[in-house]
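As structure tokens, the structure follows; a few thoughts come after it.
Derivation of every value follows stated rules applied to the coordinates shown; laboratory data play no part. Keep in mind that what you see is a predicted model, and the values were worked out from it rather than measured. With ideal geometry, Cβ positions are generated from the backbone for all residues, glycine too; neighbour counts draw on all protein chains shown.
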Amino acid sequence: MSRTHVICNINGDDVEFLCDDGESLLDALRDDVGLMGVKEGCGTGDCGACSVLMDGKLNCSCLILAPEANGTDLLTVEGMADGDHLHPLQQCFLEGAALQCGICTPGFLIAAKALLDQNPEPTETEVRYALAGNLCRCTGYDKIVRSVLEAAVQIRETV
Amino acid sequence: MTATEERPDYKYVGTRPIRHDGLDKVIGKARYAADLVLPGMLHGHILRSPHAHAKIVSIDTSAAEAMPGVKSVVTGADFPDLGAAPNGDLAKNVIARDKVLYEGHAVAAVAAGTRREAMDAANAIVVNYEVLGHSLTIDQTMSPDAEILHDGLITRGIEPAPTEASNIVARTCFERGDIDQAFAESDVIVEREFSTTPIHQGYIEPHACVADTGQDGKTVVWCSSQGHFRVRSATADVLGWDTSRVKVIPAEIGGGFGGKTTIYLEPLAVEMSARSGRPVKIVMTRDEVFRATGPTPGSKLKLKVGAKNDGTITGVKAWMAYENGAFPGNAAMLGCMTVVSPYTMEHMYLEGFDVVLNKPVNAAYRAPSAPMAAFAMDTLLDEVAENIGMDPIEIRLHNCPSEGDPAPYGPKWPTIGLKECLEAIRDSDHYKSPVPENAGRGIASGFWFNIGEASSATVNLNENGTATVVTGSPDIGGSRASMALMAAEELGLDVYSITPVVGDTEVVGFTDVTEGSRATFATGMAVVEACRDLKMQLRQRASTAWDCDVEEVEWVDGHAVHSPGDHEALSLAAITAAAKRTGGPLGATASLNARGAGPAFSTHVVDIAVDKETGQTQVLRYTTAQDAGTAIHPSYVEGQMQGGVVQGIGWALNEEYIHDADGRMENSSFLDYRIPVASDLPMIETIIVEVPNPSHPYGVRGVGEVGIVPPLAAIANAVHDATGLRMSDLPMSPPRILAALGEAVE
């Protein structure tokens, strides 16, 4: 079976991989590129654990076919930190105890980044609606929402 | 917010450091079971029953075996029949033998080069079924003409024993006093029938494992579980192997809530790895998780509560039937043991019935069986309070048990903090604030036993003065940090000088599964015991150096101090640096069976708005007060409380299993099985009550489970306050509320 050649930029690096035409971007990222921070919770776009930014826009990578990634810029949780310097969202999640088991955390961080990139000063309600596509079964969302609001403050203060 | 009794001045316990495993989890480096890739690894897929109940007449795997990439195919015939031996039912649940007992029951498994090849081959397996009648409800399965699931199942707990098999596993009865007398003496009697559906634990990480079986007949299993020692013994049993042939390495666990205290995949992966000579990975889909892994059971409960006009509960009579799923369990017994525990009473008659039916076998879910029981009890108590015109907190305080009172299930209550939880809610800003317009307010309490069980810990001091703490409890939500905090407090080392590690089954002593809110309590106790052993060793090294009696050496804030003051204090780092010359490296191990797990209580208050046009509910405000004994890491205590509350909110308002007439689940996705999302909720306000558990060196009592117990009744009581409706069937979904509002109008 012939495979499709995909060239894209992932977390700042030019990446090439071969994929099946019916393969999801999630499977390609995990199995072909080795980015295991992208998690699969459902495979049907209902949990958000596989969230990535594609050309800056929030997507469930399980709902995108891998060949569609050709020529795009992708950001996964592995690309959020600047070297050893964590993104404020990552730091606030740690300090705010916004994760328990941690399986949903990569998706929440990406979804929260998508929000703050668009809306640097969200209200609590805006945070809650922006994260409504990401499921967390451990925390009840309280500490996640607080951590995103705190990160927004920190980002505004440093700009 | 914390309501704290006087307690010692700890340096580390009660602080909120960043958890040690946190960094890997925010940069995508934490490795869960599905993330492991081994050279030459195959992918497994499982063929599952499309029928709720059927005999397996024949299985033909020849076509599948001939397909591209297929390296191994196994069926139930490839595993030993354990019969009535321990884990016999578990083995039949891992892979069906003669019968399938629910839709989704595993029938065969395939390992192939790719997942796609494995799925295609599984679909090429031909199974001939003889479809049988099935039962999906408690009423159906208890009826005399129900199709029998297990031929030899004779109901326990009935005298004389029945002579014919039924689907009723056992009758349990807890009796005190004279229930008829109780009702004769009552000024008010309320009774209702309640029902709840199965609820899935809903962990976001599907079950996954990798097995690599070597030529030497030993296997290594990487998996996500709440207890790798149980995975080891259960996997070995199902395979008919000696336990020592199985090594289990715990991966990070992506949520469990009780649902990962058992096994589903591991023996299949091990056997296929043995046959193919290659590592085998199996990862469930979400659909498989819903159809084939354990929910908490549905229930049907009839309760009758009597009380006097001053609020004194005279007695409770309960008939409680709990689903067990396809294989026998003890859910109803736990329901009976928890239903009236937050209250004192002279008379009770609690009768429980465990039944099997054609649904996935139960797995534990956070305080298993208690939430449904509390739903019934605390709804009726609310009705009593309403009838006699008493405040819902006051009636609970009036009937509140205290130390030395007999617990309904047998023992006397040790030190407990229910009264303090009730008072904390009564005195909270939330309870003192007026109920918002067009909303209602509800109160409920909950109880969970908590348990101790076996735990092991090894603490090694490194030559640079740091410490490594190895335990056998998987870190399901911050336990590494708790272990490090207790070790830091004991040794007087900075918490970040401690490296907490979850060890595999061959590097740390036996440790029971993480259940019963036991990890911080029991495994923490082992850590403290090992650290105390080490402190004695450290003092001995100092006494040798100083040529003095060890009794003259104290351990103070990470230093050996000579009490008479003749020598300068020696730091832990100075002692470990010299350790090779003074008697060798310093390390200690403790293995124990922890006793005295302090019971957990919690009281909740919630404000709910109900849209009478649509039946939609909105949680406006929620406050929980819970006795944690001592909060080792308060952020993660709050997290357990908040997580339990929100799971309870989902259970109360939205979550349910929907089956079609053939017994097939119709909502096996997160789209249709709707767990709460961020926009459904307000902040969850927490009040940590600290009534220390005298049986633990730091006063810890488990905090993981009790938070899910009160929300069902608290929300039902709030819906009543808002609408006048008594909702006795869960979930209180918009269609149900709308229908009830319509009936109320008529």
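Any idea what diffusion coefficient region A:88-158 gets from Stokes-Einstein, in µm²/s, Kirkwood Rh on alpha carbon pairs, 10 °C, 1.306 mPa s?
136
Roughly how many whole Å is it from the C-alpha centroid of region B:608-659 to that of region B:372-419?
First find each Cα centre; the distance between them is then 20 Å.
Loop-only check: which chymotrypsin sites (Phe, Trp or Tyr not before Pro) in region B:443-517 are DSSP coil with at most 13 other Cβ within 10 angstrom? The partial results should precede the final answer.
Values: sites: B:F447, B:W448, B:F449, B:Y496, B:F510; in loops: B:F449, B:F510.
Passing both the DSSP loop test and the Cβ count: B:F510.
For A:34-43, what's the mean count of beta carbons from other chains sitting within 10 Å of each residue's beta carbon?
What the average comes to for A:34-43 is 6.
Percent relative contact order of region A:88-158, based on C-alpha pairs within less than 8 angstrom and at least six residues apart? Working shown, then result.
Details: 71 pairs, mean separation 35.2, N = 71.
That works out to 50 percent.
Working only with C-alpha atoms, what are the Rg and Dmax values of the protein assembly as shown, expressed in angstrom?
27.8, 91
Please compute the modelled spin-label separation between B:C173 and B:K55, points set 7 Å along Cα→Cβ, answer in nm with one decimal.
Result for the modelled spin labels: 3.7 nm.
Would you calculate a helix-derived [θ] at 222 nm for chain B, using -39,500 (n - 2.57) for each DSSP H run of n ≥ 4 and dividing by the full residue count, to the nearest 500?
My calculation for chain B gives -8000 deg cm²/dmol from helical runs alone.
Place a +1 charge on the Cβ of each Lys and Arg in chain B and a -1 charge on the Cβ of each Asp and Glu, then give the dipole magnitude about the Cα centre in debye, rounded to the nearest 20.
Charge dipole of chain B: 1860 debye, to the nearest 20.
Roughly how many Å is it from the Cα centre of region B:86-132 to that of region B:190-215, as a whole number?
Distance between centres, Cα-based: 18 Å.
Restricting to Cα atoms and excluding each atom paired with itself, what does the Kirkwood estimate give for chain B in Å?
Computed over chain B, the radius equals 27.4 Å.
Packing-wise, with mean Cβ within 10 Å as the measure, how do B:457-470, B:421-434 rank, highest first?
Order by mean packing, descending: B:457-470, B:421-434.
How would you order B:571-584, A:46-59, B:514-527 from highest to lowest mean count of nearby Cβ atoms within 10 Å?
Ranking the peptides B:571-584, A:46-59, B:514-527 by packing returns B:514-527, A:46-59, B:571-584.
Return the loop-located GluC sites (Glu not before Pro) in region B:87-167 (DSSP other than H, G, I, E, B) with at most 11 other Cβ atoms within 10 Å of their own Cβ; answer none if there are none.
Qualifying residues, ordered by number: B:E164.
Rank these for me by crowding, B:H43, B:H207, going from fewest to most other beta carbons within 10 Å.
Ordered by Cβ neighbours within 10 Å, fewest first: B:H43, B:H207.
Fewest to most neighbouring Cβ within 10 Å: what's the order for B:M372, A:M80?
Result, fewest neighbours first: A:M80, B:M372.
Mind putting a number on the dipole of region A:4-79 about its Cα centre? Charges go on the C-beta only, +1 for Lys and Arg and -1 for Asp and Glu, and I need it in Debye to the nearest 20.
300
Between A:D55 and B:D98, what is the spin-label point distance in nm, taking each point 7 Å from the Cα along the Cα→C-beta axis?
Calculated label separation equals 6.2 nm.
Taking every pair of alpha-carbon atoms in region B:131-281, give the share separated by more than 25 Å as a whole percent.
That fraction is 59 percent.
What whole number of Å gives the distance from the Cα centroid of region B:254-281 to the Cα centroid of region B:437-507?
26
When B:M377, B:M284, B:M486 are ordered from fewest to most other Cβ atoms inside 10 Å of their Cβ, what list results?
Placing the least packed residue first, the sequence is B:M284, B:M377, B:M486.
Where in region B:702-746 is the amide nitrogen less than 18 Å from a point lying 7 Å along the Cα-to-Cβ axis of B:N387?
Label zone hits: B:717, B:720-721, B:724-728.
Calculate one ³J(HN,Hα) per residue across region B:726-733 by plugging θ = phi - 60° into the Karplus curve 6.51 cos²θ - 1.76 cosθ + 1.60, and present them in order as whole Hz with x for glycine and proline.
So the Karplus estimates, Gly and Pro as x, are 9, 8, 10, 10, 9, x, 7, 6 Hz.
Rounding to the nearest 20 debye, state how big the charge dipole of the protein assembly as shown is about its Cα centre with +1 on each Lys and Arg Cβ and -1 on each Asp and Glu Cβ.
1260
So which of B:K25/B:K218; B:K304/B:K419; B:K260/B:K412 end up more than 26 Å apart, counting from Cα to Cα?
Exceeds cut-off: B:K25/B:K218; B:K260/B:K412.
Using 0.36 nm times the number of residues separating B:S433 and B:E346, minus their current alpha carbon distance, what extension gain do you get? Numbers along the way, then the final one.
Working: separation 87, 0.36 × 87 = 31.32 nm, distance 3.53 nm.
Extending this stretch completely gives an extra 27.8 nm.
Quick one: divide the alpha-carbon radius of gyration of region A:4-79 by 2.2 N^0.38 Å and tell me what you get.
Against the compact-globule rule of thumb, the ratio is 0.94.
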